[in-house]
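The values are calculated or read from the model by the stated rules, or taken from the named source; none is laboratory data. In this text the structure is predicted, and so the values were computed from the model without any measurement. Here the Cβ positions follow ideal geometry from the backbone for every residue, glycine too, while neighbour counts run over all protein chains shown.
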Amino acid sequence: MLEVRDLDVSYGRIRALRGVSLDVAEGEIVALIGANGAGKSSTMNAISGVVRAAAGEVRLDGRDLLGLPAHRIVGRGVVQVPEGRLIFAGLTVEENLRLAAAAAHDRRVEAEELERVLDLFPMLRHRLKDRGSNLSGGQAQMLALARGLIAAPKLLLLDEPSLGLAPVAAREVFGLIAKLRDSGVTILLVEQNVRQALAVADRGYVLEGGRIVLDGDAKELLGHDLLVKSYLGIRREEVA
Amino acid sequence: MDDHLVGVLSNIGMISFIALSAYLLLIVGEISFGQQAFFAISAYASGIATAMWGWDFWPGLAWGAAVAAAAAVLVGIPTLRIRGLYFSIATLAFAEMVRLVFEVFKYQVEIDGEMVGPDGSDGFRDIRYIFENDITAVEYMLMIYGLLAAVLCAFFLLERSRLGSIFRMIGQDPVLAQMQGIDVTAYKILALGMAGLVAGIGGGLYAHLTTFVEPKIFNVMLGVHSLAYGLIGGLGTAFGPLIGVAIDIGFLESIRAISGYRMIAFGGLVAVLLIFRPRGLLDEAAVNWIRLRLRRRHA
């Protein structure tokens, strides 16, 4: 469904991505793993059009995405849930959701989509009239996820959905991602929490210094030497 | 009503339009130092229509505001691609350019043996429609406030509408708005056009009240003031900029004993408010508080 080929991204003289290639098939959850500054968010932002790529190709169902302005990429069905629980604090929960739906649907479908998403996130239903600024961290992340889903995207880009959340809230987020997979949503997931990300993902890519250094089946990656040493922080014996 | 009071109230009304136009751009997160350009363009265009082409007042005013809106959209297309401070500087440069163009702009025709029309830096005299048609100062003041009420209603509708929410989204976080599928540049150009129209209404009203406009009236200070009105009065509601205008024009400029100290008091007021209420007297929090009180009383 999504094909990324030889993607280069630079910020001034700093090269953030050097020839990144990856694939996401329909219905799959693919995790993107790496340390801070490895290029995970740059990959996401280049796919969603928020950042301009210097070179490479990005195709969705065979059609070129690269070079389109970000709002048109949303129209093609690629929706990003950005890092850091970014919601519109001055708008109500309902406005946050309805405005995200408006870009993708007409008004009749919008009401149905709102219902569908509120069924997935029951706690948001009681808070529709509250302003975004009154939500807790976990609630704000739920709103950001709901807002990403309401446009019924073909591909959801989740950037660090558990970052800075209390363990209970983080578990809730991963539970939800598993639920989304079962309902057939395709997801590219960037996560610091490597173990939980690979537990929910089908496949994974490991980024280092703007390059992909490893890729494979999520279960295999969990036991891979490099990953165990660099990211899971445990000794080989414990895994075995 | 005495003449002085009518004059002051008319002034407050007219300046309110340009304050509202700067406020509209603040909502979408852009700071313009150049709204006086659209005020000026409409003052000239509507004056030309009534004094030289013999149009009636209302079509003349509509024409002036439309020309101002069109100019704003044309300026917006290249400048809104640049962000933040650079946009502010571009608007300032544009407004100065407009003023300098009017310094050399000559376009006159002979009417009843006299030359009428813009005459460069000597200005544009005899925009006499109001006097030739026996509209009294009080009547004209009521026309100003009628239009201001209509524009305010439009603002309140906007603030409750989807378009208003999109404007506020863009003002809070343009990148995030883009991620929701919103064409940020297109909406900003729309906002700039609407702001040009509102400033244009004020400019047309101004030209017909004073009967005489000259380029130096439309200098940077007019733009800086209109921006400051929103920051003084508050960015939470369209009433905010009007409060700012009322404080400045109604109080500082019009009371003779203190008018000599106007700029000192005005500058001090802006400085104090920026420290204690950075989003103005009626900021979003104050507006929410008032709304909640009102809702409770009704319930």
Failed item, numbered, when residue B:160 is tested on (1) within 13 Å of chain A (Cβ to nearest Cβ); (2) in contact with a helix residue (DSSP H, G or I) (Cβ under 7 Å, 6 or more places away or on another chain): (2)
Close pairs from the stretch B:170-185: first more than 7 Å from chain A (Cβ to nearest Cβ) and surrounded by fewer than 22 Cβ atoms within 10 Å (Cβ to Cβ), partner among the charged types (D, E, K, R) and assigned to a helix (DSSP H, G or I), Cβ under 9 Å, at least 6 apart: B:174/B:188
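Tell me, which helices (runs of 4 or more DSSP H) wholly within the stretch B:250-298 include 2 or more residues that are polar (S, T, N, Q)?
Working: elements: B:256-259, B:262-276, B:284-298.
Here the list is empty.
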Among the candidates B:69, B:90, residue that is farther than 20 Å from residue B:133 by Cβ, assigned to a helix (DSSP H, G or I) and in contact with a Phe, Trp or Tyr (Cβ under 9 Å, 6 or more places away or on another chain): B:69
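Please go through the stretch A:113-136 and pick out each residue that is acidic (Asp, Glu), surrounded by 12 or more Cβ atoms within 10 Å (Cβ to Cβ) and in a helix (DSSP H, G or I).
The first filter runs over the stretch A:113-136 and keeps only residues acidic (Asp, Glu), leaving A:113, A:115, A:119, A:130.
This time we only want the ones that are surrounded by 12 or more Cβ atoms within 10 Å (Cβ to Cβ), so: A:113, A:130.
Listed by number, the list holds a single entry, A:113.
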Criterion violated by residue A:153 - all others in (1) more than 14 Å from the chain's Cα centre (by Cα); (2) modelled with pLDDT under 90; (3) in a loop (DSSP other than H, G, I, E, B); (4) of a type outside the set (Ser, Thr, Tyr) satisfied: (1)
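Looking at residue A:76, is it surrounded by fewer than 16 Cβ atoms within 10 Å (Cβ to Cβ), closer than 26 Å to residue B:182 by Cα and charged (D, E, K, R)? Outline the logic, then answer.
Details: surrounded by fewer than 16 Cβ atoms within 10 Å (Cβ to Cβ): no; closer than 26 Å to residue B:182 by Cα: yes; charged (D, E, K, R): yes.
Here the answer is no, as residue A:76 does not meet what is asked.
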Residues being assigned to a loop (DSSP other than H, G, I, E, B) and under 14 Å from the mean Cα position of the chain (by Cα) - total across the stretch A:156-179: 4
Residues located in the stretch B:260-276, provided they are in contact (Cβ under 8 Å) with a residue 40 or more places away in the chain and under 26 Å from residue A:133 (Cβ atoms): B:273, B:274
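I'd like to verify a number: residues in the stretch A:51-73 that are touching a helix residue (DSSP H, G or I) at 6+ places or on another chain (Cβ under 7 Å) and in contact (Cβ under 8 Å) with a residue 60 or more places away in the chain, how many? Break it down stepwise before answering.
First, the residues of the stretch A:51-73 that are touching a helix residue (DSSP H, G or I) at 6+ places or on another chain (Cβ under 7 Å): A:51, A:53, A:58, A:65, A:70-71, A:73.
Then drop every residue that is not in contact (Cβ under 8 Å) with a residue 60 or more places away in the chain, which leaves none.
Counting residues in the stretch A:51-73 that are touching a helix residue (DSSP H, G or I) at 6+ places or on another chain (Cβ under 7 Å) and in contact (Cβ under 8 Å) with a residue 60 or more places away in the chain gives 0.
Can you pull out the residues in the stretch A:197-213 that are surrounded by 18 or more Cβ atoms within 10 Å (Cβ to Cβ) and either in a helix (DSSP H, G or I) or not small (Gly, Ala, Ser) (or both)? Full working, then the answer.
Here is the first cut: in the stretch A:197-213, the residues surrounded by 18 or more Cβ atoms within 10 Å (Cβ to Cβ) are A:197-198, A:200-201, A:203-207, A:210, A:212.
Matches in the stretch A:197-213: A:197, A:198, A:200, A:203, A:205, A:206, A:207, A:212.
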So residue B:88, is it within 30 Å of residue A:72 (Cα to Cα), in contact (Cβ under 8 Å) with a residue 40 or more places away in the chain and surrounded by 15 or more Cβ atoms within 10 Å (Cβ to Cβ): yes
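Give the number of residues within the stretch B:278-290 that are more than 12 Å from chain A (Cβ to nearest Cβ) and surrounded by fewer than 17 Cβ atoms within 10 Å (Cβ to Cβ). Working first, answer last.
Looking only at the stretch B:278-290, we keep the residues that are more than 12 Å from chain A (Cβ to nearest Cβ), and these are B:278, B:280-282, B:286, B:289-290.
From the residues that got through so far, the ones that are surrounded by fewer than 17 Cβ atoms within 10 Å (Cβ to Cβ) too are B:278, B:289-290.
Of the residues in the stretch B:278-290, 3 are more than 12 Å from chain A (Cβ to nearest Cβ) and surrounded by fewer than 17 Cβ atoms within 10 Å (Cβ to Cβ).
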Residue tally, condition more than 30 Å from residue B:4 (Cβ to Cβ), over 21 Å from the mean Cα position of the chain (by Cα) and surrounded by 13 or more Cβ atoms within 10 Å (Cβ to Cβ), over the stretch B:132-169: 4
